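Heads up, the thing below is written out as structure tokens.
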Amino acid sequence: MKNRILLISNLATAILLSACHIPGQPASMHNGYHIQKNGTAPHIQAYLQSMEHMHHGMNQAAYIANPDAAFNAGMIPHHQGAVAMAEIELKYGQDPTMRKLAKNIIAAQKAEIETMSNWLKQHPTTTPPSGKAYPHTQAYLGLNQHHAMADAAKHPDPDIAFAQAMIPHHQGAIDMAEIQLRYGTNPATRKLAESIIAAQRPEIDLMRNWLKSVQK
């Protein structure tokens, strides 16, 4: 139990550190962007840094034997990544629609992080990562959201970068939730997976429609 709780603590710490150490200064949006010496806008650097920490935590969690625990342990860093991305949008973005969405994401996903963390504390019999690949492990590792997110975040407009990167991030959460519904058996965790799917699909539609409106 101590090892498992330590794992979750380490995953959370990694994402929180990435959110606290965002390089660069605020950019001037839509009217020319602040570019650092290496030619990369600070919001892009911040997104890529947060994604790196998120993916590391998710990959570790995929090797937990119990599929319900693997889902909770993997979705925590995934949600923390969404919170970090939303905070980057609030730091650099100016579009009211995207800023409102970012605030909603922070509120909703912080609450779900607390729910998942409490679930893991209440289920001490779940096995920590063993290095062995299980059917759900293969399913989680087979998700292709990581490269799509990184490519989408490399847009000079911070608001567009946020929307483009958050779409595959949300789709990744839906894919993870569907894996949980395929392999998991815990009623509370299955209910959470269903609620994640229901909440994030409309947000994907919102971001796609917003992108169409600004990229005409």
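The values are calculated or read from the model by the stated rules, or taken from the named source; none is laboratory data. As the structure is a computational prediction, the values presented were derived from the model and not from experiment. Methodologically, a virtual Cβ is constructed for each residue, glycine included, from the backbone with ideal geometry; neighbour enumeration extends over all protein chains shown.
See the values below:
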item	result
Region 204-216, subset out of contact with any helix residue (DSSP H, G or I) (no Cβ under 9 Å at 6 or more places or on another chain) and either crowded, with 18+ Cβ neighbours inside 10 Å or of a type in the set (K, R) (or both), residue modelled with the highest pLDDT	K212
Qualifying residue in region 181-203 (condition: touching a helix residue (DSSP H, G or I) at 6+ places or on another chain (Cβ under 7 Å), assigned to a helix (DSSP H, G or I) and farther than 23 Å from P67 by Cβ)	yes
Residue list for region 71-104, restricted to those being crowded, with 24+ Cβ neighbours inside 10 Å and β-branched (V, I, T)	I76, I88
Residue that is over 16 Å from the mean Cα position of the chain (by Cα), surrounded by fewer than 24 Cβ atoms within 10 Å (Cβ to Cβ), under 22 Å from Y140 (Cα atoms) and at pLDDT below 50, where the choices are L11, L6	L6
Matching residues, region 149-173, being assigned to a loop (DSSP other than H, G, I, E, B) and in contact with a His (Cβ under 7 Å, 6 or more places away or on another chain)	D157
Every residue from region 162-182 that is within 11 Å of Y140 (Cα to Cα) and either acidic (D, E) or surrounded by fewer than 22 Cβ atoms within 10 Å (Cβ to Cβ) (or both)	D175, E178
Qualifying residues in region 129-161 (those that are within 23 Å of A41 (Cα to Cα) and modelled with pLDDT of 85 or more) - the one surrounded by the most Cβ atoms within 10 Å (Cβ to Cβ)	P158
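Okay, residues lined up against (1) among the charged types (D, E, K, R); (2) under 16 Å from I160 (Cβ atoms); (3) at pLDDT 90 or above:
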| position | (1), (2), (3) |
| --- | --- |
| T40 | no, yes, no |
| N59 | no, no, no |
| F71 | no, no, yes |
| M85 | no, yes, yes |
| L90 | no, yes, yes |
| R99 | yes, yes, yes |
| N104 | no, no, yes |
